[in-house]
1. To make sure I understand the rule: partners must be lysines, Cα under 25 Å from the Cα of residue 342, and not fewer than 8 residues away in the same chain. Which ones qualify?
2. To the nearest 20 Debye, how big is the dipole of the stretch 5-109 about its Cα centre, given +1 on the beta carbon of each Lys and Arg and -1 on that of each Asp and Glu?
3. How charged is the neighbourhood of residue 25? Take every other residue with its Cβ under 14 Å from the Cβ of residue 25, and add Lys/Arg as +1 and Asp/Glu as -1.
4. Which values of log₁₀ I(q)/I(0), to two decimal places, follow from the Debye formula for the stretch 45-86 at q = 0.14, 0.15, 0.22, 0.29 Å⁻¹ with a uniform point scatterer at every Cα?
5. From the phi angles alone, apply the Karplus equation (6.51, -1.76, 1.60; θ = phi - 60°) to the stretch 48-61 and give each ³J(HN,Hα) in whole Hz, x where the residue is Gly or Pro.
6. Taking all pairs of different Cα atoms in the stretch 5-109, averaging 1/r and flipping that mean, what Kirkwood radius in angstroms comes out?
7. Based solely on C-alpha atoms, express the radius of gyration and the Dmax of the chain in angstrom.
8. Could you pull out every whole DSSP H run in the chain that spans at least 24 Å of Cα extent along its own axis and averages -0.5 or higher on the Kyte-Doolittle scale?
Amino acid sequence: MEKTIVAISTASGNGGIGIIRLSGKQTFEIINKIFVPKNKNKEIKGYTIKYGNIVNPKNNEIIDEVLVSYFVAPKSYTTENMCEINSHGGTVVEKRILELCLQNGAELAEPGEFTKRAFLNGRIDLSQAEGIIDLINSKTEMEAKESISQLEGNLSKKIKAIEQKMLDITVDIEVTIDYPEYDVEEVTNSKALNSLKDIHTMLKDLENSFNKGKIIKNGIKTAIVGRPNAGKSSLLNSLLKEDRAIVSDIAGTTRDTIEEYLNIDGIPLKLIDTAGIRETDNAIEKIGVEKSKKIINDADLVIAIFDISSNLNDDDKKIIDLIKDKKAIILLNKVDILSENKELEHELQKLNKPIIKISAKEEKGLNLLYDEIKKMFELNEISSNNETLITNERHKNQIIKAEKHILEAIEIINKQMPVDIISIYINQAMEDLGEITGENVSENIINEIFSKFCLGK
């Protein structure tokens, strides 16, 4: 008999309510042992809620006054019999109810086991399950919207449409093999070639959508760099509207990175305030400078800040060398002190990067910075476009594998090799896509995906 699982599904700590969730064949049997409804009617109907008390059957002690929601198989989250006990929030109460469930036949659920059962029982596919964990971890409304799109099966529908086109090709090939007397191989090859090219285009579009999808999911990793006292920490504080970083006239105050998220039109900007880049004999500061250089190398965007009230020095020139091949925006800070510096501006214009004048101290020019970031990463296009986006690196990698096999099938046709060889590569491409939806996926991958879920989901 498959075990009946139980877990606390609400976050730990005090709250208005706590939810203890059960799923499995013995769910109602366990509930009947510990729950005494005020209405003595014992008939169990799905999508109903009963009011009563959770009682310890050993001594009839009332543990809590609760509402119990009933879901009868197959119309539940897991497709199994389920109950959700809505108790008063609080660690002690929730744990006592959980212990009663365990004492009366339930077993503690593993992280993500409820959703895993929904997948294994066919209610959702693997990409939809991954949409759930992405929704839980969403940092912005746009990321949540894209997660819901995946949860609703929009990506799965795209994959199914591509798989169907592949299946159509293999059917035509099998007809050619089974009925060679009709001599339609040349027609089949021509038709297959056109279909394979269409499939490759569809896969390539999905792969390319990852460039937008990863921005929605992971944000834009943005390094704020500059020499000491250029105004990096002041800029971070101004962007966040709080005193997050120490601002001081003493050079080298920031010796480690500070990371914070900023929301720009639904896109998370992961801001990293780095240690000021300069030559130093201080061992700790030197570590911070080396860390800053690595962050610049890994960043999606570099905001390089220069002091407009002074000319370039050797430290500034090192920063210019670090950002010359990076996607970067140059900020000329401290316009509250000096509005222009033609010599400095002329030197920085050679980088061919956007240049914006700001005062981090007085919060001037920040909107111009936001506008430039939106333009640079086409954020307005992302927010207004309803296309299906790949946000998961695992999905992207499987699509690239499928593309490779489709290109190999196209090469077979172009070399005029036997038509039945094409089927080998098409079937491999279908297996690649099957790992996205879970139709063809190893148990290790399934376990790895669901281990990322929280307990009780």
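A short reminder: the numbers here are calculations on the coordinates, not readings from a lab. Small disclaimer: the values here were computed from a predicted structure and weren't measured. In this analysis, Cβ positions are derived from the backbone assuming ideal geometry, glycine residues included, and neighbour counts consider all displayed protein chains.
1. Correct list for residue 342: 232, 317, 318, 324, 326, 327, 334, 350, 353, 357, 361, 364.
2. Here the size comes out at about 280 debye.
3. Summing Lys/Arg as +1 and Asp/Glu as -1 gives -2.
4. Values, matching the q order: -0.38, -0.43, -0.71, -0.89.
5. Residue by residue, the stretch 48-61 yields 10, 10, 10, 9, x, 10, 8, 10, 6, x, 6, 9, 6, 6 Hz.
6. By the Kirkwood definition, the hydrodynamic radius is 13.5 Å.
7. 29.5, 88
8. Taking the DSSP H segments of the chain (at least 24 Å long, mean hydropathy at least -0.5), we get 154-178, 420-437.
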